[in-house]
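The values are calculated or read from the model by the stated rules, or taken from the named source; none is laboratory data. All values derive from a computational prediction rather than experimental measurement. Here Cβ is always computed from backbone atoms with ideal geometry, including for glycine, and neighbour counts include all displayed protein chains. Quick note on the areas: whole protein, heavy atoms, side chains included, nothing else; ligands and nucleic acids left out. Shrake-Rupley method; radii C 1.70, N 1.55, O 1.52, S 1.80 Å.
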Amino acid sequence: MQLILHYDETYREVKYGNMGLPDIDNKMLMGINVTPIAALLYTPVLIRFFGTKWMMFLAVGIYALFVSTNYWERYYTLVPSAVALGMAIVPLWASMGNYITRMAQKYYEYSHYKEQEEQGPQQRPPRGSHAPYLLVFQAIFYSFFHLSFACAQLPMIYFLNYYLYDFNHTLFNVHSCGQSSYGGLRSPNSAHLPHLEAASTNSQGILNGFNKTVLRTLPRSKNLIVVETVLMAVAFVAMLLVLGLCGAAYQPTEEIDLRSVGWGNIFQLPFKHVRDFRLRHLVPFFIYSGFEVLFACTGLALGYGVCSMGLERLAYLLIAYSLGASAASFLGLLGLWLPRSVPLVAGALLHLLLAVSLFFWAPVPRAQKHNWIFYVAAVLWGVGSALNKTGLSTLLGIMYEDKERQDFIFTIYHWWQAVAIFVVYLGSSLPMKAKLAVLLITLVVAVASYLWMEQKLSCGVLPRQPRIPRPQHKVRGYRYLEEDNSDESDGEGERGGDRGRVACMEEEELQGRLPSGPEPVGL
């Protein structure tokens, strides 16, 4: 809705003409898209400082703050809130991925507590035992997440569509679809949708010849305030849900362990984890994961769908994408019976087929006979997006199940997605075929790199993981037992457990040999 409102030339002159905000769009977009580039430096520190749950609560609160600035639009309200929103995107998603993985592990421990009592409290569950629960948790989460794209179109359907011209007016001078250069609609106030704002910098429009006026009449300010109030209510409900329903991701003693490894080490460990060849092989997939959602919301929906069906059908096209992705999120459960690479590669191959088809085919402007093709393409692209998101998140949760590493791993994953958004922001004015070529090349490299990683793992190549420093407790009178160190990884537990028991036995023998009487005066 905000994309369209801020594109209309008359609306911009009336709304911003007397407020002195002619370039507010570019400033806000720069704050939203450039700020996440630095997120790799501060995200793990924020998660360790606030905790996983409170980091989610704080990030959702920043989203609510950004929405609230639309009540009083000035430079000193809009630009700082846009920068804050850009800073909160990566911490929100990193803490969300970490939280879902931890909840799957806790649910496994809860459902198998009898087996753990028989094995003893010091025995850890087998590696990969929580994978089935993680698959279910990720499928449920992404099923609800992809519904957000459908919910975001409700203001446009019930409010804005009554003010739009039909496609004969907006597409009157458009002569080609899918092959011309375009920049998205300018959208500073749509950043609560984290994937829509990145391709919105070019004021020339989404298509060559697209009409600069798309509104028959200007919406009343009272109606806009009602829409903003509804958005604020949803943001507050989300904050209350996180506060009331989400428990702590770690026990209090575990939180102490996670924070006491040293803030310098927390700052360095994301960079040290890049030594792991598994992460290096997955980096192209991380980048493509950011590209493909942006292309669905801009390239497929605007460059192809709007060009053929008109702007009034944009909301329904995104709803088709949303419903297809939401339903297909449960296809990630195929990993319970098939190899873990099958769902991820299947989604990539589906996107490859669709991208190649769009590369060699473009619709005729204002040709309503092709409508069913776009709806089918949107649903199929949503299926591929669902398999991509659930597959990557589940794969990271399975490979890095040590709780002291998960926040670093998910930070790297979503930071590379932020880099992809920034790249699309820089190249929003490229021709459509150039964008499709970059998308195809990234996809092919991502699949080849991922299969190479799986081949290395099947051949027994051991990854190089950085050592997590032991907790440095500064509290006097509070002693941690070596065998009950909740921050040690599996390899450290196997090596350090025997050393701890031997050290305790040697200390007991030494104390038994020392005389128990009073100390001599000479000593």
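Report whether or not Tyr321 is part of a helix (DSSP H, G or I), of a type in the set (Ser, Thr, Tyr) and open to solvent by less than 10 Å² (accessible area, probe 1.4 Å).
Numbers: part of a helix (DSSP H, G or I): yes; of a type in the set (Ser, Thr, Tyr): yes; open to solvent by less than 10 Å² (accessible area, probe 1.4 Å): yes.
When the stated conditions are applied, Tyr321 passes them.
State all residues of the range 216-232 that are in a helix (DSSP H, G or I), β-branched (Val, Ile, Thr) and in contact (Cβ under 8 Å) with a residue 40 or more places away in the chain; if no residue qualifies, say none. Quick ask: steps written out before the conclusion?
Filtering the range 216-232 for residues in a helix (DSSP H, G or I) gives 221-232.
Add one more test, that the residue is β-branched (Val, Ile, Thr), and what stays is 225-227, 229-230.
Those that are in a helix (DSSP H, G or I), β-branched (Val, Ile, Thr) and in contact (Cβ under 8 Å) with a residue 40 or more places away in the chain: Ile225, Val227, Val230.
Residues checked against (1) open to solvent by 50 Å² or more (accessible area, probe 1.4 Å); (2) basic (Lys, Arg):
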residue: Met1; (1), (2): no, no
residue: Val14; (1), (2): yes, no
residue: Gly17; (1), (2): yes, no
residue: Ile24; (1), (2): no, no
residue: Met28; (1), (2): no, no
residue: Ile37; (1), (2): yes, no
residue: Arg48; (1), (2): no, yes
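Restricting to the range 59-81, name every residue that is without any contact (Cβ under 8 Å) to a residue 40 or more places away in the chain and either in contact with a helix residue (DSSP H, G or I) (Cβ under 7 Å, 6 or more places away or on another chain) or outside any helix (DSSP H, G or I) (or both).
Passing the criteria: Ala59, Ile62, Leu65, Thr69, Trp72, Thr77, Ser81.
Of the residues Val283, Val376, which is free of Cβ contacts under 8 Å to residues at least 40 places away in the same chain and either of a type in the set (S, T, N, Q) or surrounded by fewer than 24 Cβ atoms within 10 Å (Cβ to Cβ) (or both)?
Details: Val283 fails: free of Cβ contacts under 8 Å to residues at least 40 places away in the same chain.
Val376 is the lone residue from the list that is free of Cβ contacts under 8 Å to residues at least 40 places away in the same chain and either of a type in the set (S, T, N, Q) or surrounded by fewer than 24 Cβ atoms within 10 Å (Cβ to Cβ) (or both).
Would you check if Phe291 is modelled with pLDDT of 85 or more, open to solvent by less than 10 Å² (accessible area, probe 1.4 Å) and in contact with a helix residue (DSSP H, G or I) (Cβ under 6 Å, 6 or more places away or on another chain)? Reasoning before the result, please.
Working: modelled with pLDDT of 85 or more: yes; open to solvent by less than 10 Å² (accessible area, probe 1.4 Å): no; in contact with a helix residue (DSSP H, G or I) (Cβ under 6 Å, 6 or more places away or on another chain): yes.
Judged against the criteria, Phe291 is not a match.
Checking the conditions here, which among Leu65, Leu85 is over 14 Å from Thr411 (Cβ atoms), modelled with pLDDT of 90 or more and open to solvent by 30 Å² or more (accessible area, probe 1.4 Å)?
Values: Leu85 fails: open to solvent by 30 Å² or more (accessible area, probe 1.4 Å).
Unique residue meeting the criteria: Leu65.
Within the range 428-446, is there a residue that is within 24 Å of Tyr321 (Cα to Cα), within 22 Å of the chain's Cα centre (by Cα) and not in a helix (DSSP H, G or I)?
yes
Tell me which residues, restricted to the range 432-468, are under 23 Å from Gly303 (Cβ atoms) and surrounded by 13 or more Cβ atoms within 10 Å (Cβ to Cβ). Steps first, answer last, please.
So in the range 432-468, the residues under 23 Å from Gly303 (Cβ atoms) come out as 432-444, 446.
Scanning the range 432-468 gives Met432, Lys433, Lys435, Leu436, Ala437, Val438, Leu439, Leu440, Thr442, Leu443, Val444, Ala446.
For every residue, the table says whether it meets (1) within 29 Å of Leu387 (Cα to Cα); (2) open to solvent by 50 Å² or more (accessible area, probe 1.4 Å).
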position: Met55; (1), (2): yes, no
position: Trp72; (1), (2): no, yes
position: Tyr75; (1), (2): no, yes
position: Leu92; (1), (2): yes, no
position: Thr101; (1), (2): yes, no
position: Lys106; (1), (2): yes, yes
position: Gln138; (1), (2): yes, no
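Going by what's in this entry, would Leu336 be described as modelled with pLDDT under 90 and either among the aliphatic types (A, V, I, L, M) or closer than 15 Å to Leu443 by Cα (or both)? Steps first, please.
On the way: modelled with pLDDT under 90: yes; either among the aliphatic types (A, V, I, L, M) or closer than 15 Å to Leu443 by Cα (or both): yes.
Here the answer is yes, as Leu336 does meet what is asked.
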